[in-house]
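**Q** Questions regarding the structure given below will be posed in turn.
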Amino acid sequence: AKASGRDRWAVFDEAMREEAVRILDLEADLRRAINGDGFVAFYQPIVRLDDRKVIGHEALLRWRHERRGLLLPGEFIGLGEDSGLIEEVDWILYARVMEEVARGGEGYVSVNVSPRHFRSGDFAERLLRLIDRAGADPHRVRIEITEVALLDDVPRALRMLRTLRNHGVLAQLDDFGTGFSALSYLHRFPIECLKIDQSFVAGLAGEAQPESVAVVRAIQALAGTLGIHTIGEGVESEAQRAVLRELGCVYGQGYLFGRPAERAPERIERIAVG
Ligand code: C2E
Ligand code: CA
Ligand code: CA
Ligand code: CA
């Protein structure tokens, strides 16, 4: 019995060692990829729920890894955040996206900004410089941030959002409903749009969860009071689309309308801003 116990620990150790090696490998790969062209933007349409008209796209980071294939952010973003590499990856992606926007087309493209990234004092100026250098129309660029990024340092967040907005770059609040969602602060920020987190949209239909309906109803009431729009995230079924519309949500994003794809927005179709 003793021996088999030791064997089990040996197996456990080996698994831990392999996991550690895997993470170290990936981090080394990440550093190398930053100097190469392994990072690509995928674009997912954001539509008007009533007629499915595409009003914009969200740019989503993908890593084309030479051996592991296409990696999703969840598979490496934590790693990049710990080592501070994700900011570098983000700037590579933003540069790609701005070039794409500069190529033409209609509708906006939103980019994700992690809270830590937003914290760097010159984020707004740097993004505006990038947009300018690429020759992109700032009115067609949006940022997606979470509540954490706002509440971290309120005066700084306000300054950055105002600077961006003054130049035409609007902000959408990502994953709304999962954070603090405190009514008391929201009206202070120039936020164009709330993105209703997909966990609530998932509970709207099928095995509907009354709490999800209640949360979305509350978000809609809040958005209505503030005079801002909402985007339902992760819309996968017609039933979810129907309930969202019923609750007053005008825009949506999800597999029902289109998966993230590596195509320039203007090549998908000519789109009009809703
Ligand atoms: P997010 O900003 O909430 O992005 C939405 C996520 O939901 C994306 O996952 C998208 O592929 C997925 N999604 C879209 N429609 C559906 C649907 O109908 N059903 C389901 N189940 N999922 C759907 P993805 O691309 O894996 O990205 C995950 C997260 O990684 C993003 O969540 C965002 O927080 C982060 N991320 C993505 N791109 C970037 C980036 O360029 N920079 C930074 N800092 N973070 C990024
Ligand atoms: Ca997002
Ligand atoms: Ca989201
Ligand atoms: Ca999310």
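The values are calculated or read from the model by the stated rules, or taken from the named source; none is laboratory data. This one's a predicted model, so the numbers in the text were calculated from it and none came from an experiment. So basically every Cβ, Gly included, is an ideal-geometry build from the backbone, and we count neighbours across all protein chains shown. Quick note on the areas: whole protein, heavy atoms, side chains included, nothing else; ligands and nucleic acids left out. Shrake-Rupley method; radii C 1.70, N 1.55, O 1.52, S 1.80 Å.
**Q** Given +1 on the Cβ of Lys and Arg, -1 on the Cβ of Asp and Glu, and no further charges, what dipole in debye does the range 32-77 carry about its Cα centre, rounded to the nearest 20?
**A** Result for the range 32-77 is approximately 140 debye, rounded to the nearest 20.
**Q** Taking every alpha carbon pair in the range 1-159, what does the distance histogram look like in 5 angstrom bins from 0, in percent?
**A** 2, 8, 14, 16, 16, 14, 10, 6, 4, 3, 3, 2, 1, 1, 0
**Q** Here is a follow-up. I'd like the accessible area for residue 229, computed on protein heavy atoms only with a 1.4 Å probe and all protein chains in place. Round to 10 Å², please.
**A** Surface open to solvent at residue 229 totals about 80 Å².
**Q** Calculate for the chain the 222 nm mean residue ellipticity that helices alone would give, adding -39,500 (n - 2.57) per DSSP H run of length 4 or more and normalising by residue count, nearest 500 deg cm²/dmol.
**A** Computed ellipticity for the chain at 222 nm equals -14500 deg cm²/dmol.
**Q** Of all GluC sites (Glu not before Pro) in the range 106-211, which ones are in loop regions per DSSP and have a Cβ with at most 11 other Cβ atoms within 10 Å?
**A** Answer by residue number: 207.
**Q** Would you rank 195, 53 by solvent-accessible area, highest first, keeping every protein chain in place and using a 1.4 Å probe?
**A** I get 53, 195, largest accessible area first.
**Q** Next question, about the same structure. Anyone know which of 196, 92, 231 comes out most mobile in the 10 Å Cα GNM of the chain?
**A** Its mean-square fluctuation being the largest, the pick is 92.
**Q** So what is the relative contact order of the range 1-149, in percent, for Cα pairs below 8 Å that sit 6 or more residues apart?
**A** With pairs under 8 Å counted, the relative contact order is 20 percent.
**Q** Counting Lys and Arg as +1 and Asp and Glu as -1, each charge on the Cβ, what is the dipole of the chain about the Cα centre in debye, to the nearest 20?
**A** Numbers: 36 positive and 43 negative charges, 92 e Å.
So the dipole magnitude of the chain works out to roughly 440 debye.
**Q** Hey, how many Å between the Cα centroid of the range 32-70 and the Cα centroid of the range 111-125?
**A** Here the answer is 19 Å between Cα centres.
**Q** Sticking with this structure for a sec: Counting only Cα, what are the radius of gyration and maximum Cα-Cα distance Dmax of the chain, in Å?
**A** 20.6, 71
**Q** Then there's this: Using the alpha-carbon atoms, what tilt in degrees (0 to 90, nearest 10) does helix 154-166 show relative to the longest principal axis of the chain?
**A** It is inclined by approximately 60 degrees.
**Q** Expressed in nm to one decimal, what extension gain is obtained for the pair residue 261 and residue 64 from 0.36 nm per residue of sequence separation less their Cα-Cα distance?
**A** Using 0.36 nm per residue and subtracting the Cα-Cα distance, I get 69.6 nm.
**Q** How tilted is helix 210-226 with respect to the longest principal axis of the chain? Cα atoms for both, answer in degrees (0 to 90, nearest 10).
**A** Approximately 50 degrees, to the nearest 10.
**Q** Across the range 107-169, how large is the tail of the calculated P(r) beyond 13 Å, expressed as a percent of all Cα pairs? List each step's numbers first, then the result.
**A** Working: 1173 of 1953 pairs.
In whole percent, the long-distance tail amounts to 60.
**Q** Hey, another quick one. Roll a 1.4 angstrom probe over the protein heavy atoms and tell me the percent of accessible area of the range 167-234 that is carbon or sulfur.
**A** 55 percent
**Q** Hand me the GluC sites (Glu not before Pro) from the range 216-249 located in a DSSP loop with no more than 16 other Cβ atoms within 10 Å, in residue order please.
**A** When the GluC sites (Glu not before Pro) of the range 216-249 are filtered for loop state and at most 16 Cβ neighbours within 10 Å, 236 remain.
**Q** Using a 1.4 angstrom probe on the protein heavy atoms only, could you order 91, 63 from most to least accessible area?
**A** 91, 63
**Q** Please state the charge dipole magnitude for the range 1-121, taken about the Cα centre, from unit charges on C-beta atoms (+1 on K and R, -1 on D and E), reported in debye and rounded to the nearest 20. Could the numbers behind the result be given before it?
**A** On the way: 18 positive and 22 negative charges, 41 e Å.
The calculated dipole for the range 1-121 is roughly 200 debye.
**Q** Can I ask one more? Would you mind checking the tilt of helix 123-134 against the longest principal axis of the Cα atoms of the chain, expressed as 0 to 90 degrees and rounded to 10?
**A** It works out to around 80 degrees.
**Q** Skip the ligands, DNA and RNA, and give the accessible area per residue of the range 82-170 with a 1.4 Å probe, whole Å².
**A** On the way: 3740 Å² over 89 residues.
Here the residues of the range 82-170 average 42 Å² of exposed surface.
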